[in-house]
Amino acid sequence: GNKGKRYALPHSRILIHQPLGGFQGQATDIDIQAREILRLKDELNHILADLTNQPLDKIRSDTERDYYMTSEQAKAYGLIDEIIVRKPTGTIS
């Protein structure tokens, strides 16, 4: 999402990981699909690095396996901008 408009709720869990796919067919077709998913993995890592201001090597490491974060951790990581908290009832805006 666009910076300044990325939100999560207090008890959210945010997950980043590498692309996942399943392939079948001839060896040549599987090779084509494997190269494409590796290209996509690299592109997505660059997008995440750009949007979070995290070093590309950190993004590569963190997305190698499932990487779960709390909303607070995701905010510190740069994935979200704000944690939405409900105002107590009876307050005036």
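Among the residues of the range 34-93, those identified as in contact with a strand residue (DSSP E or B) (Cβ under 8 Å, 6 or more places away or on another chain), farther than 13 Å from ILE16 by Cα and part of a loop (DSSP other than H, G, I, E, B) are ASP81, ILE84. Only one of the numbered conditions (1) among the aliphatic types (A, V, I, L, M); (2) within 27 Å of GLY4 (Cβ to Cβ); (3) surrounded by 11 or more Cβ atoms within 10 Å (Cβ to Cβ) is violated by ILE30, and that is (2). Considering the range 54-82, and only residues there that are of a type in the set (S, T, N, Q) and more than 23 Å from GLY4 (Cα to Cα), the residue that is nearest to the chain's Cα centre (by Cα) turns out to be THR63.
Which of the residues that make up the range 23-33 are part of a helix (DSSP H, G or I) and either touching a strand residue (DSSP E or B) at 6+ places or on another chain (Cβ under 9 Å) or not hydrophobic (A, V, I, L, M, F, W, C) (or both)?
First, pick out the residues of the range 23-33 that are part of a helix (DSSP H, G or I): 27-33.
Those that are part of a helix (DSSP H, G or I) and either touching a strand residue (DSSP E or B) at 6+ places or on another chain (Cβ under 9 Å) or not hydrophobic (A, V, I, L, M, F, W, C) (or both): THR28, ASP29, ASP31, GLN33.
Residue selection: ILE92 fails the criterion of being at pLDDT 95 or above and of a type outside the set (D, E, K, R). Among the residues examined, ALA8 does not qualify as aliphatic (A, V, I, L, M) and within 12 Å of the chain's Cα centre (by Cα).
Among residues of the range 44-69 that are closer than 16 Å to ILE14 by Cβ, those with a beta-carbon under 9 Å from a residue that is surrounded by 13 or more Cβ atoms within 10 Å (Cβ to Cβ) and among the acidic types (Asp, Glu) at least six positions away or on a different chain give the pairs LEU48/ASP62; GLN54/ASP62. The residues listed here are GLN18, GLN26, GLN73, GLN54; of these, the one that is touching a Gly at 6+ places or on another chain (Cβ under 9 Å) and either of a type in the set (S, T, N, Q) or at positive phi (or both) is GLN54.
Whether any residue in the range 5-22 is touching a residue at least 60 places away in the same chain (Cβ under 8 Å), loosely packed, with under 10 Cβ neighbours inside 10 Å and of a type outside the set (A, V, I, L, M, F, W, C) is what I want to check. Among the residues of the range 5-22, at least one is touching a residue at least 60 places away in the same chain (Cβ under 8 Å), loosely packed, with under 10 Cβ neighbours inside 10 Å and of a type outside the set (A, V, I, L, M, F, W, C), which makes the answer yes. When TYR67, TYR77 are screened for being surrounded by 14 or more Cβ atoms within 10 Å (Cβ to Cβ), touching a helix residue (DSSP H, G or I) at 6+ places or on another chain (Cβ under 8 Å) and of a type in the set (Phe, Trp, Tyr), only TYR77 passes.
The values are calculated or read from the model by the stated rules, or taken from the named source; none is laboratory data. From a predicted model like this one, the values you see are computed outputs, not experimental measurements. Backbone-built Cβ (ideal geometry, glycine too); neighbour counts: all protein chains shown.
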